[in-house]
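S.K.: Got a structure for you, written out below as structure tokens; questions coming shortly.
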Amino acid sequence: MTLELKEIQCNSWLVISIFGEVDMGSSPQLRTKIIRSVNEGHTNLILDLTSVDFLDSAGLGTIIGALRRVRSQNGDLLLVCPEERIQRIFTLCDLDKVFKFYLTSNEATNAHKGMNLL
């Protein structure tokens, strides 16, 4: 299955919606998109994992790398992940202590409205 990425601007956040499988084969595509977005000045990112069918360790590594990249630019990374089966992957790796999951992009941005992340 191919990976499809779509982006929209939501207030000061760039939302990257991910469709398909995030694995060893497709992770470089996501990594490239994240690097390009940060280089363009989008340091507050939301990764919408709602339509992710599969996530492996390479995908997790890409998401962790994205967090490091945006935080090095004084930004932040939020995850939209309503699917318990995908959340469970983060939990098994203790990454639920690093990431907070939101049900929608609006919920994520509303939870961070008062924060000065620009």
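S.K.: Could we say that residue 57 is in contact with a Phe, Trp or Tyr (Cβ under 7 Å, 6 or more places away or on another chain), small (Gly, Ala, Ser) and at pLDDT 95 or above here? Show your work before the answer.
M.R.: On the way: in contact with a Phe, Trp or Tyr (Cβ under 7 Å, 6 or more places away or on another chain): no; small (Gly, Ala, Ser): yes; at pLDDT 95 or above: yes.
No; evaluated as a whole, the condition is false for this residue.
S.K.: Turning to a different aspect of this structure: Are any residues in the range 60-106 part of a helix (DSSP H, G or I), among the hydroxyl-bearing types (Ser, Thr, Tyr) and at pLDDT 95 or above, and if so, which ones?
M.R.: First, the residues of the range 60-106 that are part of a helix (DSSP H, G or I): 60-71, 84-92, 95-97, 105-106.
Remaining after also requiring among the hydroxyl-bearing types (Ser, Thr, Tyr): 62, 91, 105.
Result: 62, 91.
S.K.: Return the pair list, or none, for Cβ contacts closer than 6 Å from residues in the range 1-19 that are under 17 Å from residue 81 (Cα atoms) and touching a residue at least 12 places away in the same chain (Cβ under 8 Å) to residues that are loosely packed, with under 14 Cβ neighbours inside 10 Å and acidic (Asp, Glu), at least 6 apart or on different chains.
M.R.: 19/4
S.K.: Let me ask another. Collect the residues in the range 31-59 that are assigned to a helix (DSSP H, G or I), in contact with a strand residue (DSSP E or B) (Cβ under 6 Å, 6 or more places away or on another chain) and of a type in the set (S, T, N, Q), keeping them in residue-number order.
M.R.: The initial filter retains those residues of the range 31-59 that are assigned to a helix (DSSP H, G or I), namely 31-39, 57-59.
Checking the rest, the ones that are also in contact with a strand residue (DSSP E or B) (Cβ under 6 Å, 6 or more places away or on another chain) come to 33, 37, 59.
Correct list: 37 only.
S.K.: For the list (1) at pLDDT 95 or above; (2) more than 22 Å from residue 111 (Cα to Cα); (3) touching a strand residue (DSSP E or B) at 6+ places or on another chain (Cβ under 8 Å), I need the number of the one condition that residue 1 fails.
M.R.: With (1) at pLDDT 95 or above; (2) more than 22 Å from residue 111 (Cα to Cα); (3) touching a strand residue (DSSP E or B) at 6+ places or on another chain (Cβ under 8 Å) applied to residue 1, the lone miss is (1).
S.K.: If I ask for residues that are surrounded by fewer than 18 Cβ atoms within 10 Å (Cβ to Cβ), hydroxyl-bearing (Ser, Thr, Tyr) and in contact with a helix residue (DSSP H, G or I) (Cβ under 9 Å, 6 or more places away or on another chain), which ones from the range 3-46 would you list?
M.R.: Selection gives 12 alone.
S.K.: Might you check whether a residue that is modelled with pLDDT of 95 or more, of a type in the set (A, V, I, L, M, F, W, C), within 15 Å of residue 101 (Cβ to Cβ) and not in a helix (DSSP H, G or I) occurs anywhere in the range 17-30? Break it down stepwise before answering.
M.R.: Going residue by residue through the range 17-30, those that are modelled with pLDDT of 95 or more are 17-30.
The next check asks that each one be of a type in the set (A, V, I, L, M, F, W, C); those that pass are 18-19, 22, 24, 30.
When the remaining residues are screened for being within 15 Å of residue 101 (Cβ to Cβ), the result is 18.
Add one more test, that the residue is not in a helix (DSSP H, G or I), and what stays is 18.
Scanning the range 17-30, I find at least one residue that is modelled with pLDDT of 95 or more, of a type in the set (A, V, I, L, M, F, W, C), within 15 Å of residue 101 (Cβ to Cβ) and not in a helix (DSSP H, G or I), so the answer is yes.
S.K.: While we're here: Just checking, which of 36, 71, 88 is closer than 18 Å to residue 7 by Cα and of a type in the set (Lys, Arg)?
M.R.: Numbers: 71 fails: closer than 18 Å to residue 7 by Cα; 88 fails: closer than 18 Å to residue 7 by Cα.
That would be 36, the only listed residue that is closer than 18 Å to residue 7 by Cα and of a type in the set (Lys, Arg).
The values are calculated or read from the model by the stated rules, or taken from the named source; none is laboratory data. Not measured: the values here are computed from a predicted model. All Cβ positions, even for glycine, are placed from backbone atoms using ideal geometry, and neighbour counts span all protein chains on display.
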